[in-house]
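First comes the structure, then the notes that go with it.
Read-outs: derived from the displayed coordinates by stated rules, not from any lab. Keep in mind that this is a model prediction, so the values were computed, not measured. Glycine gets a Cβ as well: all are built from the backbone with ideal geometry, and neighbour counts include every protein chain shown.
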Amino acid sequence: MTSHWQFCPRCGSALVESELAGRQRLRCGAACGFVHWDNPAPVLAALVEYDGRIVLARNYAWAAGAFGLITGFLERDEDPAAGVAREVREELGLDAVAVTLIGVYPFARKHEVIIAYHVLACGEIRLNEELAEFRLIAPEKLKAWDFGTGLAVSDWLARRAGA
């Protein structure tokens, strides 16, 4: 197992590996019943279309020249489509006019599942404190990358070409 968990968050006992639901899981070695399911985190991704172009942004933590889609974690009890609209508003200051599911993609490298949407947005771009800069790319110049949110870009471009 790749988890870094060693102790039960409920009672402090050591966690032990055991098979549960057909997979190796970490469980409490005592009798408290805790199971560390180690499920991937749901991440929302927005392929934002603004004024006929696609918004790509660079997070401050990324290397210069590295741009991607707008992303963020799904909040507890939040509808994914509403969540992606929230992320676009928080990170870009834009209002979502239309939100359409592109697809759902595994991202094992970060232990996440990406739920990607095409978001038509309007307003004035105002980057939040997470983002260093943005680029507006004509859809015909947009190029997909072969991991993470790039798979959603590829699917969106393929659908667009077939339309």
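Under the simplified labelling scheme, the residue 140-residue 59 pair shows an inter-label distance of 3.3 nm, with each label point 7 Å from Cα along Cα→Cβ. Shown is the FRET efficiency for residue 129 and residue 160, computed with R0 = 25 Å from the Cβ-Cβ distance and rounded to the nearest 0.05: 0.20.
The Kirkwood hydrodynamic radius of the chain, based on inverse pair distances between different Cα atoms, is 17.6 Å. With each label modelled as a point 7 angstrom along the Cα→C-beta vector, the residue 10-residue 120 pair spans 4.9 nm.
Please report 117, 50, 60 as a ranked list, fewest other C-beta atoms within 10 angstrom at the top and most at the bottom.
Ordered from fewest to most neighbouring Cβ atoms within 10 Å, 117, 50, 60 come out as 60, 50, 117.
Summary value for the range 41-162: 32 percent relative contact order, contacts being C-alpha pairs under 8 angstrom separated by 6+ residues.
Calculated mean residue ellipticity at 222 nm for the chain: -5000 deg cm²/dmol, from DSSP H runs with n ≥ 4 weighted as -39500 (n - 2.57), summed, divided by the residue count and rounded to 500.
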